[in-house]
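Rule-based calculations on the coordinates, nothing more; no lab input. Just so we're clear, the structure is a prediction, and the values are computed from it rather than from any experiment. Every residue, glycine among them, receives a Cβ derived from its backbone with ideal geometry; neighbour counts consider all protein chains shown.
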Amino acid sequence: MKRLRNLDYYIFLPYIIMCAVGIIMVYSASANIGDQNGGSPLSYLIKQSLFVIVSLVIVAAMTAANLNKLKNKNVLSIIEIVFWVTFVGLLFFGSKINGAAGWINLGFINIQPAEFFKFFLIIRVANSVDKLQDQMIGSASDWWIAMRGTIIRVMISIMLILLQPDSGGAAINFMIFFILMITSGISFKRAMTVLGGFVAAVAGVVAFILIPLSHTSFAANSYQFQRIIAFTDPFGHAQGTGQQLVNSYYAISNGGLFGVGLGNSIQKTGYLPEPNTDFIMSVLTEELGVITALVIIGLLTLIVARTILIGIRSTDTFHSLICYGVATYFTIQTLFNIGGVVGLLPITGVTFPFISYGGSSILTLSLCIGVVLNISGRQKEERLQADRK
């Protein structure tokens, strides 16, 4: 309970503010969807509010937890196998949303396992590096012998996510892994070897699986493929796959610096698909303005910067790598979402942290927040004990 009293408010307050803004914006962006579908305009508001309440419980639990329990190798191995079985099952039986069969439909909620894998990946890799760091100091062959099991298992998981196909989820998970490799103390050359191996594996999937499919109706029917086409020429496909990006441009333009007022978005009323998830920042910018959007991004930047600082201050390799992994996760997910919204990157279906609607996303993000708060609280306790001496 001491760690709950030693909360890092540079992380906790921005987290609370963004969750509150997220609830408001999900309601604003989704009320019309509820009416159009013949349901209640409050349905998404109620669900998102429940997600936030559960998330707060998770944050409190993780902040007070004993992080050493996350190092149990046998438990981690079992969880990893469960993820593999789940990912394979999703390829055949998963509910398809936005072109990816990556969802488990439980009726009242859709669970996306690839989201929870991001948190597991951070813990798994941080634990492996922590236990094997003495064996990694030496030649390249020593490093490979120590890390090859972890690398192979992670690559299998990422490839299974890519095959759903969830290119955004696969890319985020890989970037988390890649940054953890770099920050673990290995040379840049070795890290690039890992990158090269992954690129070769992806090329193999494209050459032996995706290209053969393209000779059928894959290219015409693939949601992911059409998103890339729309990214290259959104206005040329404004009545089809480019509709999201074109109407995102309109929303941002309409909002200007200060917005048209909360609830007054035009683009959310049927013009902008997915206004409460992938493109919620377009709606927020239209209603509250570019300045408010920048404030939200600033709050998230504060969390990322503080998390990196906590990682730097930590004397525990496991804790440091968790912080770097969480910071990478938040940063890459934000860049992918904003990049898609403004047309700098292809749309990948990635949500904006804490603001977009989605249970799997906010629960996973909150797991990360809780662990970082735990580490920060430990550091504060250690400083207080040192001051007493």
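Would you mind giving the three semi-axes, in whole Å and largest first, of the ellipsoid equivalent to the range 248-389 according to its Cα gyration tensor? Walk me through the numbers before you get to the answer.
Details: eigenvalues 254, 45, 28 Å².
They are 36, 15, 12 Å, listed largest first.
Going through the range 250-301, which chymotrypsin sites (Phe, Trp or Tyr not before Pro) have at most 14 other Cβ atoms within 10 Å and a DSSP loop state?
Filter output for the range 250-301: 258.
Which three numbers, in whole Å and largest first, are the semi-axes of the equivalent ellipsoid of the range 248-291 derived from its Cα gyration tensor as √(5λ)?
Details: eigenvalues 44, 17, 15 Å².
Taking √(5λ) for each Cα gyration eigenvalue gives 15, 9, 9 Å.
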Do the alpha carbons of any pairs in 118/380; 47/71; 69/118; 69/380 sit beyond 25 Å of each other, and which pairs? 118/380; 47/71
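Give me Rg over Rh for the range 318-389, both radii from the alpha carbons and Rh done the Kirkwood way, two decimal places. Show your work: numbers first, answer last.
Values: Rg = 16.3 Å, Rh = 14.0 Å.
Ratio of gyration radius to Kirkwood radius: 1.16.
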